[in-house]
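The values are calculated or read from the model by the stated rules, or taken from the named source; none is laboratory data. Source: prediction; values computed, not measured. Here the Cβ is made from the backbone with ideal geometry for all residues, glycine too, and neighbour counts use every protein chain on show. Ligands, DNA and RNA are excluded from the accessible area calculation, which covers all protein heavy atoms including side chains. Shrake-Rupley method; radii C 1.70, N 1.55, O 1.52, S 1.80 Å.
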Amino acid sequence: MLERQIKPEGGVVYCDLGKLCPEAGQIIDCSLVLAGVLPERRVALAAELMDGDTCLGARLFTIPPHHEPAAADLRLTGLRFYLPEGIDRPLTLRSDAHYIDRNERCLL
């Protein structure tokens, strides 16, 4: 992992992080199925990687609505988390989802 402290002073700040070996660390690649998603409704999805009570990373998504005539299962892939080297203990993946839209209509 590379890290530099920068001091914003207005305008453009350029920071060269140097060289980084892409083979260091580890990637956790997740997938999940949102079951029975109602048509024409967006879904908010949160996925978190936890180490005990500490959140190591979070991914937040807005899933666009599907246009099937009935509820459908939506498979999501590519939820990725990066772990730096040296983490070798069990971790917890946690996710939650809620509808954003209630499918209300306003006729004026």
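Data table
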{"item": "Of the criteria (1) under 18 Å from the mean Cα position of the chain (by Cα); (2) open to solvent by 80 Å² or more (accessible area, probe 1.4 Å), which one Leu20 fails", "result": "(1)"}
{"item": "Check on Ala44, without any contact (Cβ under 8 Å) to a residue 40 or more places away in the chain, more than 19 Å from Thr92 (Cα to Cα) and surrounded by 10 or more Cβ atoms within 10 Å (Cβ to Cβ)", "result": "no"}
{"item": "Set Ala58, Ala97: member being among the small types (Gly, Ala, Ser) and under 25 Å from Glu3 (Cα atoms)", "result": "Ala58"}
{"item": "Filter result for Asp96 (open to solvent by 60 Å² or more (accessible area, probe 1.4 Å) and not in a strand (DSSP E or B))", "result": "no"}
{"item": "Subset of the stretch 47-57 (residues that are surrounded by 13 or more Cβ atoms within 10 Å (Cβ to Cβ) and farther than 11 Å from Ala97 by Cβ)", "result": "Glu48, Leu49, Met50, Asp51, Leu56, Gly57"}
